[in-house]
Amino acid sequence: MSSVYMRLLVAISLTMTLGHVDVHSARVPRSEARTMTDKQKSDIVNKHNDLRTQEGAADMETMTWNETLALGAAEVAALCTWKRNNPPLPGTANFTSYGQNLGLYMISGASISMVQAVQSWYDEKSDYRYNKSRCKYGKWCGNYTQVVWARTRQVGCAYHYCDIMEESAATNAEFLVCNYITMGNERGKKPFKKGPQCTKCGSGAAWCTGKLCNRECSRADASPDCWCAAHCHNCATLDKTTCRCSCADGWYGTDCTQPCQDNAELCNSSHVCGSPFTEETCPVLCKLCTPDPNAKPGQCPVVYGMGAQVAKATLVNRTSPDSSTGQSQYQYQQQCRTVTLLLLGLYVRHTVTHHYNVGYSSSFSSGDRPGAWA
């Protein structure tokens, strides 16, 4: 049994999109607060970003650390109560619109592995159905969707040692809380949009770093790792300085693939403008584009940002056939990778029966699952 399994006796995790829920709990002193080290903070941020790059998303934002979110997480963790809790963030009047992941770990002789904690949330992906925007029936996957919610850009976490956990049978456990902005798990919405990396960034600019949208790239002192991933469709033009597509009449969106038309009944008053959802569904009302009933897709070649051109050229080079074998380098690599995975699968199948986890399972009613994901 690996050291991870030896240390991690029980892992319980859940995610919740926090609405306006008031929870009253006495602040009973618990054994001790934990100090989040710089390495732990880095592990949390880097693990989130590593996992987010794996989704094939067109609008996935880079995650960064937010100390205010961490302070709020510390307040919740200190309550040692296994229940959703969203008090106003420190330094704000009444800001409670943030997402939250929780983890409870009964361990022996070691502290929480932040990398393993985030991975355990992400592993709920197997219970999520992207095309239906919900979990499998009877399953919980809200941790995963919050980790990969594209518009979420900041995270802050804290953990606390609790000798007794309210609302739980657990004792002598580490309680991990991670808060997120922007809040994820909106009812009926997908966590991200699939497509070429960074082509549908929420900022409107297609700046990219490591397959993730990076708003910091617009700064004068931006990282040299920034590159413009823009794909400008339907006769749009590209501003290479800002890495933004300027859509022709009849089109809308970061890459100008969305028809310029309102798509919801709520598009009847300009007071709805201002949020990403309403601006995406009501672009005409919000004066973000000019309608053109004669606009047709595919009338002009796609205009690519410099970074997108390099990526495209690299892909073409990798898939071009080798003159001597008639086989592309990419196909050859894929065949080698397939053989490797088959061999690894046989190894894992042989060894996995010798490893096991002991843990509690948690069940939630449909009312407890954000968006009634059934």
Residue 38-residue 299 FRET efficiency (beta carbon distance; Förster radius 51 Å; 0.05 resolution): 0.45
Relative packing of peptides 149-160, 219-230 - highest average C-beta neighbours within 10 Å first: 149-160, 219-230
Cα gyration tensor category, rounded, prolate or oblate, for region 79-171 with a/c compared to 1.5: oblate
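Would you kindly state how much longer the chain becomes between residue 292 and residue 279 on full extension, computed as 0.36 nm times their sequence separation minus their alpha carbon distance, in nm to one decimal?
2.9 nm
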Residue-by-residue Karplus 3J(HN,Hα) for region 114-124, coefficients 6.51, -1.76, 1.60, Hz, glycine and proline x: 5, 5, 5, 5, 5, 4, 5, 5, 5, 5, 5
Solvent-accessible heavy-atom area per residue, rounded to whole Å², over region 247-312 at 1.4 Å: 60
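Which shape class applies to region 217-283: rounded if a/c is under 1.5, otherwise prolate when a/b exceeds b/c and oblate if not, where a ≥ b ≥ c are the square roots of the Cα gyration tensor eigenvalues?
It is oblate, given that a/c is not under 1.5 and a/b is not larger than b/c.
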Gain in span if fully extended, residue 166 to residue 241, counting 0.36 nm per residue against the direct Cα distance: 21.6 nm
Region 57-117 shape via C-alpha gyration tensor axes, a/c threshold 1.5: oblate
Per-residue SASA entry for residue 120, accessible area with 1.4 Å probe, Å² rounded to 10: 40
Under the Karplus curve 6.51 cos²θ - 1.76 cosθ + 1.60, θ = phi - 60°, whole-Hz ³J(HN,Hα) for region 230-246, x wherever Gly or Pro sits: 4, 10, 9, 9, 6, 6, 6, 10, 10, 8, 5, 6, 9, 6, 10, 8, 9
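The values are calculated or read from the model by the stated rules, or taken from the named source; none is laboratory data. As the structure is a prediction and not an experimental result, all values here were calculated from the model. Virtual Cβ from ideal backbone geometry, glycine too; neighbours counted across all protein chains shown. Each accessible area value is taken on the protein alone, full model and side chains, heavy atoms only, with ligands, DNA and RNA left out. Shrake-Rupley method; radii C 1.70, N 1.55, O 1.52, S 1.80 Å.
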